[in-house]
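The values are calculated or read from the model by the stated rules, or taken from the named source; none is laboratory data. Note that the coordinates shown come from a computational prediction; the quantities given were computed from them, not determined experimentally. Reconstructed Cβ throughout: ideal geometry from the backbone, glycine too, with neighbour counts over all protein chains shown.
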Amino acid sequence: MPALEPASILKPARDLRFRRIDDEAVVVRQRAGEVLVMNETAARLLELADGRTSVADWVEVLAGEYEVDREALERDVLAFALELAEEGMLELVSLSEEKREDRRGV
């Protein structure tokens, strides 16, 4: 997987389903046959990974929700997003997908 940067846009993998329950997310990875319970931070990142919003925009949203150092937040969000992508839970949206979404008005 290419390196992630703030302008990267991610979406959930096709086989990933999740539901937020209180401060956690129950995640089903259908191909892997796994059910995972993720903490509040992971749940929030899965919500933000909508295939339209850049990682930089996630950082903006999270900076408004948590009182943390902005640079550290960006570094941590990029690192965790990369980890989720390497585990096959998030996928990088290609430029052609972005253009297709823009034409459809999504």
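Data for the structure
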{"item": "Tally, over the stretch 54-96, of residues that are of a type in the set (S, T, N, Q) and surrounded by 12 or more Cβ atoms within 10 Å (Cβ to Cβ)", "result": "1"}
{"item": "Residues located in the stretch 8-24, provided they are in contact with an Asp or Glu (Cβ under 8 Å, 6 or more places away or on another chain) and part of a strand (DSSP E or B)", "result": "Ile9, Leu10, Lys11, Pro12, Arg20, Glu24"}
{"item": "Qualifying positions in the stretch 25-68 - farther than 13 Å from Leu90 by Cβ, assigned to a helix (DSSP H, G or I) and acidic (Asp, Glu)", "result": "Glu40, Asp57, Glu60, Glu65"}
{"item": "Residue check, Ala3 surrounded by 13 or more Cβ atoms within 10 Å (Cβ to Cβ) and either touching a strand residue (DSSP E or B) at 6+ places or on another chain (Cβ under 7 Å) or modelled with pLDDT under 95 (or both)", "result": "no"}
{"item": "Criterion: of a type outside the set (Gly, Ala, Ser) and assigned to a loop (DSSP other than H, G, I, E, B) - qualifying residue of Glu5, Glu71", "result": "Glu5"}
